[in-house]
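The block underneath contains the structure these notes are about, expressed in structure tokens.
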Amino acid sequence: YVAAVYEHESILSPTPAALVERRAALELMGRNLDIYEQQVLAAARQGAQIIVFPEDGIHGFNFTRSSIYPYLDFVPHSRSVKWNPCREPYLFNDTEVVQRLSCMALKNKIFLVANLGTKQPCERSDPRCPPDGRFQFNTNVALGADGALLATYRKHNLYFEYAFDTPAEPDYAFFDTPFAGKVGMFTCFDILFFEPAVNLIRQYNLKQIVYPTAWMNQLPLLSAVEFQQAFSTAFNVNILAANIHHPTLGMTGSGIYTPVKSFIYHNMESYGGKLIVAEIPVITADYKTNLEKTPGRVSEKGKEQSPPSFYAEMMYDNFTFVPVWGEKGELQVCANSLCCYLNYRRAVLADELYALGVFDGLHTVHGTYYVQACALVKCGGLSFSTCGQEVTDATALIDFQLWGNMSTPYIFPLLLTSGITLDFADHMGWKNNHYFLSKNRTSAGLLTAALYGRWYEKD
């Protein structure tokens, strides 16, 4: 099927904390919706059957709970409500934004997924009801090619979003399409957690995901395109990921991903939005990598001297590293119950320091979640203290096999190359209770090759 995602540079309110009238809020959102309208038309002309827009794309961000109120639409959340906002605009009040989205879908005969703020009145007798008498949600809507509201999803894992509430129960949101079967949806930070993202995919055996996000890139392990691809690979799903484009805030990175190919956009230099349209195969059955081909050998270390280990901060976590010296070698580094192993060979020795790092523990900055990671990274300079820094360019072409005795089945294989480009591993998967990732000669200089494990039970 043909899919489209749009990386949108939002027109933002200069004073998001100021209280404004609904009319002024609609005027600002209308300017963003005008751009959406052009992009829906452009995507439809290229044959797209579905288009996805980013999180916060219509209203922006940095609101307070009260200042976002005029920007919120009312959208019924119940699956039992059959509603076509474009054709039945009179059914509910305060639905101007969802009406426009519905009409775009209808006019262009395209499925459309967008993110907006929604409100839902609640009874004071409900112990969860906020003092102002309403819930405010960060919401995705999916609209059919006839403009009908197919599904809503309220973001569960909020990322410092004080304007919004978390729904009482996680939403498991998906909708049917004639071209790709069932399509699931969740938002941004949700991708790092079991609920609802992983549970949704497993429970309903979903193979297509739409993913609005407003993601701030964090190298070396959590760049948007890097993690989006890893998620697609780990769960064997297609992902249509639409991010916001605000390079000054570190926000960029969208794509259409299949487990074996990606169509991505990562641009920190220029301004303006970007439409990606690609034709991708519908995934039906589970495709398993054949691990018998993996030449995996978990060797006992010989008597040769291992290089010294050192500590450095990476992604706000204290990693234990060993330097990757010379043109070839075998390394091992351990922390807690996790041991990481690396066999490597590189063609030309340039002035670049690489290191193999391990972390097995609770990550506690900007969210709390348990990580098991084995990571081969290029350091920022030539001293050990620069390992773990954000690096965007590299020249070293390294053949490697990386493996670890991970304690969780949820491993996200990361493979990032110079200029924030993606590569695909030759082999990956489980063998003898170890997860392996191997690659002969990356297509560009290696930035990161990592096994990013999420041990959800220990969050």
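The figures follow:
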{"read-out": "Residues that are assigned to a helix (DSSP H, G or I) and either open to solvent by 40 Å² or more (accessible area, probe 1.4 Å) or farther than 23 Å from residue 61 by Cα (or both), drawn from region 74-101", "value": "96, 99, 100"}
{"read-out": "Some residue of region 419-431 being more than 23 Å from the chain's Cα centre (by Cα), closer than 30 Å to residue 269 by Cβ and in contact (Cβ under 8 Å) with a residue 12 or more places away in the chain", "value": "no"}
{"read-out": "Region 208-241 - residue that is within 15 Å of residue 282 (Cβ to Cβ) and assigned to a loop (DSSP other than H, G, I, E, B) and, of those, nearest to the chain's Cα centre (by Cα)", "value": "237"}
{"read-out": "Pick from region 117-140, criterion in a loop (DSSP other than H, G, I, E, B) and open to solvent by 60 Å² or more (accessible area, probe 1.4 Å), ranking: modelled with the lowest pLDDT", "value": "124"}
{"read-out": "Hits in region 102-111 - residues which are hydrophobic (A, V, I, L, M, F, W, C) and open to solvent by 60 Å² or more (accessible area, probe 1.4 Å)", "value": "none"}
{"read-out": "Any chance residue 408 is of a type in the set (Ser, Thr, Tyr), touching a Lys or Arg at 6+ places or on another chain (Cβ under 7 Å) and farther than 15 Å from residue 219 by Cβ", "value": "yes"}
{"read-out": "Count of residues meeting criterion [among the hydroxyl-bearing types (Ser, Thr, Tyr), in a loop (DSSP other than H, G, I, E, B) and open to solvent by less than 30 Å² (accessible area, probe 1.4 Å)] in region 420-449", "value": "1"}
{"read-out": "Subset of region 215-261 [within 20 Å of residue 198 (Cβ to Cβ) and among the polar types (S, T, N, Q)]", "value": "228, 229, 232, 233, 236, 238, 258"}
{"read-out": "Count of residues meeting criterion [open to solvent by less than 20 Å² (accessible area, probe 1.4 Å) and farther than 13 Å from residue 400 by Cα] in region 341-354", "value": "1"}
{"read-out": "Qualifying residue in region 202-217 (condition: assigned by the TED database to the domain that holds residue 49 and in contact with a His (Cβ under 7 Å, 6 or more places away or on another chain))", "value": "no"}
{"read-out": "Residue selected from region 7-31 under the condition open to solvent by less than 10 Å² (accessible area, probe 1.4 Å) and in contact with a Leu (Cβ under 9 Å, 6 or more places away or on another chain), by the criterion nearest to residue 213 (Cα to Cα)", "value": "7"}
{"read-out": "Condition met for residue 313 (over 20 Å from the mean Cα position of the chain (by Cα), surrounded by fewer than 20 Cβ atoms within 10 Å (Cβ to Cβ) and at pLDDT 95 or above)", "value": "yes"}
{"read-out": "Number of positions in region 245-304 that are open to solvent by less than 50 Å² (accessible area, probe 1.4 Å) and either modelled with pLDDT under 95 or more than 26 Å from residue 46 (Cβ to Cβ) (or both)", "value": "7"}
{"read-out": "Meets criteria (open to solvent by less than 10 Å² (accessible area, probe 1.4 Å), within 19 Å of residue 241 (Cβ to Cβ) and either in contact with a Ser or Thr (Cβ under 7 Å, 6 or more places away or on another chain) or not in a loop (DSSP other than H, G, I, E, B) (or both)) for residue 114", "value": "yes"}
{"read-out": "Residues satisfying the stated conditions in region 422-442, i.e. out of contact with any Leu (no Cβ under 9 Å at 6 or more places or on another chain) and either hydroxyl-bearing (Ser, Thr, Tyr) or over 17 Å from residue 344 (Cα atoms) (or both)", "value": "432, 433, 434"}
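Results for (1) in contact (Cβ under 8 Å) with a residue 24 or more places away in the chain; (2) assigned to a strand (DSSP E or B), shown as yes or no for each residue.
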residue	(1), (2)
142	yes, yes
147	yes, no
151	yes, yes
159	yes, no
163	yes, no
166	no, no
171	yes, no
175	yes, yes
182	yes, yes
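The values are calculated or read from the model by the stated rules, or taken from the named source; none is laboratory data. Values in this document were obtained by computation on a predicted structure and should not be read as measured data. Cβ coordinates were reconstructed from backbone atoms using ideal geometry, including for glycine residues, and neighbour counts include every protein chain displayed. Heads up: the accessible areas ignore ligands, DNA and RNA and are worked out on the full protein's heavy atoms, side chains in. Shrake-Rupley method; radii C 1.70, N 1.55, O 1.52, S 1.80 Å.
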